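Participant: The structure under discussion is supplied below as structure tokens; questions concerning it will follow.
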Amino acid sequence: MSRVIAHLSRRYRFSASHRLHVDALSEEQNRAIFGKCNNPFGHGHDYVVEVTLSGPVDPATGMVANLADLDRFTRQEVLERFDHTNLNTLEAFRDRVTTTENLCLEIWSIFSLFAESVDHPQLKLERIHVEETGNNSFDYFGEGVSVPGRQR
Ligand code: NI
């Protein structure tokens, strides 16, 4: 049986709007912290999400995971949830600022359920990478945060 571990990465895109704002702070404080990202009317981004999984290369298929399964999961659980939404209106961000750091954590918690959904327990979520703009990107490797539903 093959114990060769390989990493697989795949990129997805969605568009969404957001406004960086903390309800508990004053308008002045919000403007001071978030600047133009606190604009009351929000603004949009074309987000790029890259998910990286690792696992043994299946000797029969030669694959770590079936990309069709990953695409289906991503479409249902990530793209349909976020694409063309205002992130601030989503339940996931009711108590969290819609920074791309927090979006990264939320997307991690969703992908942490993928291995289970395809009954592939050896598959491990390694990294979630989210690009907000051509200049900003964020990575999460799964350490140190308890997000409901996630597993190591
Ligand atoms: Ni923004």
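Participant: Identify, from the list 32, 16, the residue that is more than 15 Å from the chain's Cα centre (by Cα) and either part of a strand (DSSP E or B) or surrounded by fewer than 12 Cβ atoms within 10 Å (Cβ to Cβ) (or both). Write out each step before concluding.
Facilitator: On the way: 16 fails: more than 15 Å from the chain's Cα centre (by Cα).
Of the residues listed, the single one that is more than 15 Å from the chain's Cα centre (by Cα) and either part of a strand (DSSP E or B) or surrounded by fewer than 12 Cβ atoms within 10 Å (Cβ to Cβ) (or both) is 32.
Participant: Find the residue count for region 36-82, including only residues that are within 19 Å of residue 8 (Cα to Cα), of a type in the set (D, E, K, R) and assigned to a strand (DSSP E or B).
Facilitator: 1
Participant: Scan region 116-137 residue by residue and report those that are out of contact with any Phe, Trp or Tyr (no Cβ under 8 Å at 6 or more places or on another chain), away from the ligand (no atom under 16 Å from the Cβ) and either among the acidic types (Asp, Glu) or without any contact (Cβ under 8 Å) to a residue 60 or more places away in the chain (or both).
Facilitator: 116, 119, 121
Participant: Pull out all pairs, ordered by first then second residue, where Cβ-Cβ is under 6 Å, the residues are six or more apart or on different chains, the first lies in region 91-110 and is part of a helix (DSSP H, G or I), and the second is among the charged types (D, E, K, R) and surrounded by 21 or more Cβ atoms within 10 Å (Cβ to Cβ).
Facilitator: Listed by first residue and then by second, the contacts come to 92/106.
Participant: Same structure, new question: From the list 74, 89, pick out the single residue that is loosely packed, with under 14 Cβ neighbours inside 10 Å and modelled with pLDDT of 95 or more.
Facilitator: Of the residues listed, the single one that is loosely packed, with under 14 Cβ neighbours inside 10 Å and modelled with pLDDT of 95 or more is 89.
Participant: Take the conditions touching a helix residue (DSSP H, G or I) at 6+ places or on another chain (Cβ under 9 Å), in a loop (DSSP other than H, G, I, E, B) and on the phi < 0 side of the Ramachandran plot and apply them to residue 22. Does it pass? Let's see the steps before the verdict.
Facilitator: On the way: touching a helix residue (DSSP H, G or I) at 6+ places or on another chain (Cβ under 9 Å): yes; in a loop (DSSP other than H, G, I, E, B): yes; on the phi < 0 side of the Ramachandran plot: yes.
In short, yes.
The values are calculated or read from the model by the stated rules, or taken from the named source; none is laboratory data. Small disclaimer: the values here were computed from a predicted structure and weren't measured. Methodologically, a virtual Cβ is constructed for each residue, glycine included, from the backbone with ideal geometry; neighbour enumeration extends over all protein chains shown.
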